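**Student:** Handing you a structure now.
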Amino acid sequence: MNHVLEIAGLTKTFGGLTATDNVSLTVNAGEIHALIGPNGAGKSTLINQICGELMPNAGHIHLAGRDITRLPPAERVALGLGRTFQITSLLDDMTVRENLALAVQAREGGNFRIFDRAANRAEVWDEVAEILAASALGPRAGVTVADLAHGEKKQLELLMALSQRPRLLLLDEPMAGLGHLESQQMIDALLAARGDCAMLLVEHDMDAVFALADRVTVLVYGRVIAAGNADEIRANPAVRDAYLGEEDT
Amino acid sequence: MILLIEQLLNGLQYGVTLFLLAAGLTLIFGIMGVINLAHGALYMVGAFAGAWVSIQTGSFWAGLLAGLVASAIAGVLVELGVMRRLYARDHLDQVLATFALILIFNQSTVLIFGRQPLFTSLPEMFSGSVEIVPGLPYPSYRLFVIAVGLAVAFGLYLLINKTRIGMLVRAGASNRQMVRALGVNIGGLYTAVFGLGALLAGLAGVMASPIMSVQVGMGDEIILATFVVVVIGGVGSVKGAFVAGIVLGMCDTMLRAFLPGLLQQVMPGSEAQALGVGISSMGIYLMMAIILLVRPRGLFAAQG
Amino acid sequence: MKREYLILATVFLLLALVPFLAAATGQTSWTRLVGQALIYGMAAASLNFILGYGGMISFGHAAFFGIGGYVVGIMYHHFDAGTSFLGVIPGTDQMLITLPAAVLVAGLAAALVGAMSLRTGGVQFIMITLAFAQMFFFLFISLKTYGGEDGIMVRRTNALPGLDMRNRDTLYWVVLCFAAAYYLFLRRLVQSSFGQIIAGIRQNERRMASMGISTFRYKLYAFILSGMGAGLAGALMVNFLRFASPDMMHWTRSGEFMIMVILGGVGTLAGPFIGAGVLFTVETTLARYTEHWMLPVGILLLVVVLTSKGGLMALIRKLTGGQK
Ligand SMILES: Nc1ncnc2c1ncn2[C@@H]1O[C@H](COP(=O)(O)OP(=O)(O)OP(=O)(O)O)[C@@H](O)[C@H]1O
Ligand SMILES: [Mg+2]
């Protein structure tokens, strides 16, 4: 079986703190692999190393068989890596439509056309319209991002990431702060997208994790303490102790 | 050899002056996150107030006191009137507002004192010179300046490392949010730090006044060098300001003293002079560019 | 959209009429004033592209302005003396050569400065751009061949085939055409795909990087384009004033460009031109009445920065009821 993502021995320290400690995991094609763990476990730090914002102190990252450990972020994206942010990170002064247009445009690695008119690029806008028509954000296309509700921003994050057609999508807490209904919509959206790309899903919402994940890895204090399918994780006593304890009762 | 020692001492004296300015600036920078181009204007205020009073009274020491008081008051007024509104703004607004302050300070000084430079005399006590090594009499006033600079550096070291205020200052330089979370009276702390910075700038100004001419615009020349010191040393780091100040002061002085002469050996006199002066003026900026390329946040950058 | 073209055409016509108005009213200095303001407007507008649209606070923009100016000055110097630059490049007084050369050299300088400065950010970026500008400033001061501190006189404005460039009014119209063309160029630039990406980087560099944009390269290209614009403005200024000096790249000049941008309105197309016009007019008018003109200018600037968001353009927009 060919892994889309393979991480081996990834270690990152901040001063005296070891945020990820010798972490190894794989994500297979078409799979949703959930990464769970209490606050401060090092989940975001791991994501940031995979996408290249942080350099690991040790370890290797392979994307579709290629070593990307030292590649700059932009080149990793070109190889098929996409991500969403835990704290939504969008272009706040632009509209929903413009945000998506930039994402679509960026798929070609951006361009240096200084004399075209962005407003006239029909192929971009058509694609944006198509994406929006298929999503709940459609009616909000002209709204400035700063004026969106939290849940809508989360949706937009996902749409932008998907519009880049990644082969691996890193999702950092896509349900954080969402209401029950919104969470359900997000789960549906992720299920719909699972055919197109593999996902590494960081999430605290256990219902969502168990509804979506094929496999689960549990991170505590930067260490992997357990890995397996949903049932195995649920039954694992170490995990219950360290993490699930309070939620399971 | 003797010339070299003399220039090294001159460099040290310029270095401590830069440090006095940079120490305040880097604290203001580190704690409030604000770029204050008008810091050189406070140096000028100190120099003018000091020079004027010492000319009126005939006492250098009265001038020193006046310069310190005037610059501290000016600093506190600037903080209360202008800086407060700038903390939350972006760097662009800060640069422009303080640039405006430079214009205002310079022109006000012209209105009050005119364009003629003021000249003051050395304090009696330090009007002579000391023979530090045989054959090199060195002005004792310059030694006094060096001593004061080093004493202030030591005092700041104690203040920052051994007192509660210093603890806040250190915390503030590395993490502004944290100080807020400690429930400290931020407004008061900011005003105090700004006042202290202004006081140090004023001290530098008064002490420079018998050696350099006291004139409008004197702050503009030195403030750029001060910024270079702050950035090389690492924004927010007093230690960095000290190291960078001394090193830059020395390098700058050495280049100016010896480069034209060296160039004269390979090219005609007047051109060598001009080129030598030009290159030595570029020296500190070149150093800053190189250091920032290697360490984008300066030598002793605080975290965060 | 239609309205915008109408306004632009009207403004252009009015500006084109300035020499006639000046002659009719006997205020012959107007042409010179407006011409200078237009050139400063170009320089400020070029800065605004990286500052307002790209979010890069460069405090060394005057360097490129000065370099562009010096290219014209140096080429004229060698033309006049019948010598060549570094013994290879002969001088010239042909504007069709000097202006492109100025733009090119300024662009190269910007590439150098940008490639190094853009590795830093925040305060360090502001200061390192300032440092590079200072280096150029002192470099030109130390070049005795080209006048050192005094600069170079360009006794005769560069020639353009078919035009009498010694006629001040003709020269003014040439400048006006360049300013108009530059305005249209910038307008196109900010609306282009490239311009959109630059705006995206200003708003959220991390997001753009996470979408696969190599933000450093984009910022560098923007920086170079902006430096080229300043070089063009500087070259025109030297033609207009027939004088190039290190003062063109003094750090307070960089500050002035920033003031013009802020005064007119950051991130707007017309703002820098309006800001340049207002600042330059206020300065020259006040300078006529008092030698202390810097005091009111300083106070005005302080008030504008502290109280207003968006500068004069925001005010104009409010008064005319929305619309750019
Ligand atoms: N840039 C940094 N510098 C220093 N320490 C950091 C940095 N980033 C994260 N940390 C620390 O590393 C640890 C792991 O942080 P991380 O954000 O990866 O946790 P997380 O698992 O994503 O938590 P959460 O569920 O709250 O998002 C934390 O203790 C955090 O304080
Ligand atoms: Mg996290």
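**Student:** Just to check your reading of the model, which residue among C:F240, C:F216 is touching a residue at least 24 places away in the same chain (Cβ under 8 Å), more than 12 Å from chain A (Cβ to nearest Cβ) and not basic (K, R)?
**Tutor:** Numbers: C:F216 fails: more than 12 Å from chain A (Cβ to nearest Cβ).
Testing whether each residue is touching a residue at least 24 places away in the same chain (Cβ under 8 Å), more than 12 Å from chain A (Cβ to nearest Cβ) and not basic (K, R) leaves just C:F240.
Condition check ((1) more than 7 Å from every other protein chain (Cβ to nearest Cβ); (2) among the basic types (K, R); (3) part of a loop (DSSP other than H, G, I, E, B)) across all residues:
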site: A:R83; (1), (2), (3): no, yes, no
site: A:Q86; (1), (2), (3): yes, no, yes
site: A:S89; (1), (2), (3): no, no, yes
site: A:R97; (1), (2), (3): yes, yes, no
site: A:E108; (1), (2), (3): yes, no, yes
site: A:D116; (1), (2), (3): no, no, yes
site: A:E130; (1), (2), (3): yes, no, no
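Rundown of residues vs (1) within 14 Å of chain C (Cβ to nearest Cβ); (2) over 24 Å from A:L10 (Cβ atoms); (3) within 16 Å of ligand 2 (Cβ to nearest atom), yes/no style:
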position	(1), (2), (3)
A:R167	yes, no, no
A:E182	no, yes, no
A:A192	no, yes, no
A:D196	no, yes, no
A:D205	no, yes, yes
A:V209	no, no, yes
A:V216	no, no, no
A:L219	no, no, yes
A:N229	no, no, no
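**Student:** Also: Is there a residue in the range B:271-279 that is open to solvent by less than 10 Å² (accessible area, probe 1.4 Å) and either of a type in the set (S, T, Y) or within 7 Å of chain C (Cβ to nearest Cβ) (or both)?
**Tutor:** Within the range B:271-279, one or more residues are open to solvent by less than 10 Å² (accessible area, probe 1.4 Å) and either of a type in the set (S, T, Y) or within 7 Å of chain C (Cβ to nearest Cβ) (or both).
**Student:** Restricting to the range A:163-181, name every residue that is within 16 Å of ligand 1 (Cβ to nearest atom) and surrounded by fewer than 16 Cβ atoms within 10 Å (Cβ to Cβ).
**Tutor:** A:G177
**Student:** Before we move on, is C:M248 on the phi < 0 side of the Ramachandran plot and facing chain A (nearest Cβ under 10 Å)? Spell out the reasoning first.
**Tutor:** Numbers: on the phi < 0 side of the Ramachandran plot: yes; facing chain A (nearest Cβ under 10 Å): no.
No; evaluated as a whole, the condition is false for this residue.
**Student:** Additional query: If you go through the range A:12-31 one residue at a time, do you hit one that is at positive phi and in contact (Cβ under 8 Å) with a residue 40 or more places away in the chain?
**Tutor:** Yes - at least one qualifying residue is present in the range A:12-31.
**Student:** If we scan the range C:59-82, do we find a residue that is closer than 27 Å to C:R202 by Cα and outside any helix (DSSP H, G or I)?
**Tutor:** For the range C:59-82, residues closer than 27 Å to C:R202 by Cα and outside any helix (DSSP H, G or I): present.
**Student:** Looking only at the range B:209-230, count how many residues are touching a Lys or Arg at 6+ places or on another chain (Cβ under 9 Å) and of a type in the set (V, I, T). Before you say what the answer is, go through the steps one by one.
**Tutor:** Initially, the range B:209-230 is screened for residues touching a Lys or Arg at 6+ places or on another chain (Cβ under 9 Å), giving B:211, B:215-216.
In the following step, the residues that additionally are of a type in the set (V, I, T) were identified as B:211, B:216.
Residues meeting the conditions: 2.
**Student:** Can you name the residue in the range A:32-61 that is part of a loop (DSSP other than H, G, I, E, B) and more than 10 Å from ligand 1 (Cβ to nearest atom) and is also nearest to the other protein chains (Cβ to nearest Cβ) among such residues?
**Tutor:** Restricting to residues being part of a loop (DSSP other than H, G, I, E, B) and more than 10 Å from ligand 1 (Cβ to nearest atom), the top hit is A:G52.
**Student:** Scanning the range A:7-53 for residues that are under 20 Å from A:L168 (Cα atoms) and charged (D, E, K, R), which turns out farthest from ligand 2 (Cβ to nearest atom)?
**Tutor:** A:E31
**Student:** Considering A:F85, A:F14, which residue is of a type in the set (F, W, Y) and surrounded by fewer than 17 Cβ atoms within 10 Å (Cβ to Cβ)?
**Tutor:** On the way: A:F85 fails: surrounded by fewer than 17 Cβ atoms within 10 Å (Cβ to Cβ).
That would be A:F14, the only listed residue that is of a type in the set (F, W, Y) and surrounded by fewer than 17 Cβ atoms within 10 Å (Cβ to Cβ).
**Student:** Follow-up question, since we're still on this one. For the range B:211-230, check the following and say yes or no: at least one residue is over 14 Å from the mean Cα position of the chain (by Cα), open to solvent by 30 Å² or more (accessible area, probe 1.4 Å), away from chain C (no Cβ under 12 Å) and hydroxyl-bearing (S, T, Y).
**Tutor:** yes
**Student:** Also, I was wondering about something else. Return the total of residues in the range C:253-269 being open to solvent by 30 Å² or more (accessible area, probe 1.4 Å) and either more than 13 Å from every other protein chain (Cβ to nearest Cβ) or modelled with pLDDT of 90 or more (or both).
**Tutor:** Of the residues in the range C:253-269, 3 are open to solvent by 30 Å² or more (accessible area, probe 1.4 Å) and either more than 13 Å from every other protein chain (Cβ to nearest Cβ) or modelled with pLDDT of 90 or more (or both).
**Student:** Among the residues of the range A:118-127, write down those that are open to solvent by less than 50 Å² (accessible area, probe 1.4 Å) and within 13 Å of C:Q196 (Cβ to Cβ).
**Tutor:** Once the filter is applied, which keeps residues that are open to solvent by less than 50 Å² (accessible area, probe 1.4 Å) and within 13 Å of C:Q196 (Cβ to Cβ), the range A:118-127 yields A:A118, A:R121, A:V124.
**Student:** Still on this structure, please answer the following. One residue is enough: does the range B:66-78 have a residue meeting the conditions within 14 Å of another protein chain (Cβ to nearest Cβ), buried (at least 23 other Cβ atoms within 10 Å of the Cβ) and part of a helix (DSSP H, G or I)?
**Tutor:** First, the residues of the range B:66-78 that are within 14 Å of another protein chain (Cβ to nearest Cβ): B:77-78.
This time we only want the ones that are buried (at least 23 other Cβ atoms within 10 Å of the Cβ), so: B:78.
When the remaining residues are screened for being part of a helix (DSSP H, G or I), the result is B:78.
Yes - at least one qualifying residue is present in the range B:66-78.
**Student:** For the range C:158-169, how many residues meet the condition of being free of Cβ contacts under 8 Å to residues at least 60 places away in the same chain and open to solvent by less than 30 Å² (accessible area, probe 1.4 Å)?
**Tutor:** Of the residues in the range C:158-169, 0 are free of Cβ contacts under 8 Å to residues at least 60 places away in the same chain and open to solvent by less than 30 Å² (accessible area, probe 1.4 Å).
The values are calculated or read from the model by the stated rules, or taken from the named source; none is laboratory data. These figures come from a predicted structure and were not determined experimentally. Glycine also receives a Cβ, built like all others from the backbone with ideal geometry; neighbour counts cover every protein chain displayed. The area values use the complete protein model at the heavy-atom level, side chains included, leaving out ligands, DNA and RNA. Shrake-Rupley method; radii C 1.70, N 1.55, O 1.52, S 1.80 Å.
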